[in-house]
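Here is the structure we will look at.
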Amino acid sequence: MNIIVIGAQKAGTTWLYSMLKQNKGVVTAFQKEIHYFDNRCNPNFKFDRYRRLILAKLEKLNKLDRPGQKEYLGYCLDPNIAFTDEWYRNIFLKKPANQRVLAKGHSLAFLDASPSYMTVPEHGVAHMASVTGKTEPILLIRDPVSRMISGLT
């Protein structure tokens, strides 16, 4: 099972993501916004830049020294396998914390959230459907004027 949260910026995607991942069986990948489906559709996507941004963010959050994290991130950020459908599935399954949840006998629901998924073109939406199966994404929207004002503060 997958849970895909899509929403406008400042529409509550981070809040919903935080609430959903409190469930024992709901697991995440190395970060909230993986950008799998939108980056696959972007002809200008540069994996090296993506990799540098991820490592900088995780270093700033002191998440690089956790047990098994180096091997896991080595997989997640390997340019030879990244951004394939198998990679997408495995970034959830290979995460050390998720393996511990699985070992306790819980079934897993993969949680992915990104406002950028709102910009995925039609062929990207079809790809998302083929990868996630019968998952129906959760779409969060907000009054555009309120969102704009919120973004200014």
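Among the residues of segment 108-121, are any free of Cβ contacts under 8 Å to residues at least 40 places away in the same chain and either among the hydroxyl-bearing types (Ser, Thr, Tyr) or in a helix (DSSP H, G or I) (or both)? Checked against the condition, which is being free of Cβ contacts under 8 Å to residues at least 40 places away in the same chain and either among the hydroxyl-bearing types (Ser, Thr, Tyr) or in a helix (DSSP H, G or I) (or both), segment 108-121 yields no hits at all.
Within segment 140-153, residues that are within 20 Å of residue 5 (Cα to Cα) reach partners that are outside any strand (DSSP E or B) and hydroxyl-bearing (Ser, Thr, Tyr) with beta carbons closer than 7 Å, at six or more positions or on different chains, in the pairs 140/13. Among residues of segment 11-35 that are within 22 Å of residue 144 (Cβ to Cβ), those with a Cβ under 8 angstrom from a residue that is open to solvent by 20 Å² or more (accessible area, probe 1.4 Å) and part of a helix (DSSP H, G or I), sequence gap 6+ or separate chain, pair up as 11/115; 11/147; 13/115; 33/115; 33/116.
Figure legend. Inter-residue proximity from segment 49-67: first residues of a type in the set (Ser, Thr, Tyr), second residues open to solvent by less than 100 Å² (accessible area, probe 1.4 Å), beta-carbon distance below 8 Å, spacing 6+ or different chains. Indicated pairs: 50/35; 50/39. Name the single residue that is nearest to residue 127 (Cα to Cα) among those in segment 73-88 being part of a helix (DSSP H, G or I), open to solvent by 20 Å² or more (accessible area, probe 1.4 Å) and touching a helix residue (DSSP H, G or I) at 6+ places or on another chain (Cβ under 8 Å). Step by step, filter segment 73-88, then rank; the result is 85.
Looking only at segment 122-153, which residues are part of a loop (DSSP other than H, G, I, E, B), over 17 Å from the mean Cα position of the chain (by Cα) and under 21 Å from residue 18 (Cβ atoms)?
Our first condition is that a residue be part of a loop (DSSP other than H, G, I, E, B); within segment 122-153, this holds for 133-137, 141-143, 153.
If we keep only those that are over 17 Å from the mean Cα position of the chain (by Cα) as well, we get 134, 141-143, 153.
Residues satisfying the conditions are 141, 142, 153.
Considering only segment 98-107, state which residues are assigned to a helix (DSSP H, G or I) and under 17 Å from residue 3 (Cβ atoms). Steps first, answer last, please.
The initial filter retains those residues of segment 98-107 that are assigned to a helix (DSSP H, G or I), namely 98-103.
Within segment 98-107, 98, 101, 102 meet the criteria.
Scanning segment 98-143 for residues that are of a type in the set (A, V, I, L, M, F, W, C), loosely packed, with under 14 Cβ neighbours inside 10 Å and touching a strand residue (DSSP E or B) at 6+ places or on another chain (Cβ under 8 Å) gives a single hit, 141. Quick one: count up the residues across segment 21-46 that are open to solvent by 30 Å² or more (accessible area, probe 1.4 Å) and not in a loop (DSSP other than H, G, I, E, B). Residues that pass the stated criteria total 1.
The values are calculated or read from the model by the stated rules, or taken from the named source; none is laboratory data. From a predicted model like this one, the values you see are computed outputs, not experimental measurements. Cβ: placed from backbone, ideal geometry, glycine included. Neighbour counts: every protein chain shown. Surface accessibility is based on the protein's heavy atoms, side chains included, excluding ligands, DNA and RNA. Shrake-Rupley method; radii C 1.70, N 1.55, O 1.52, S 1.80 Å.
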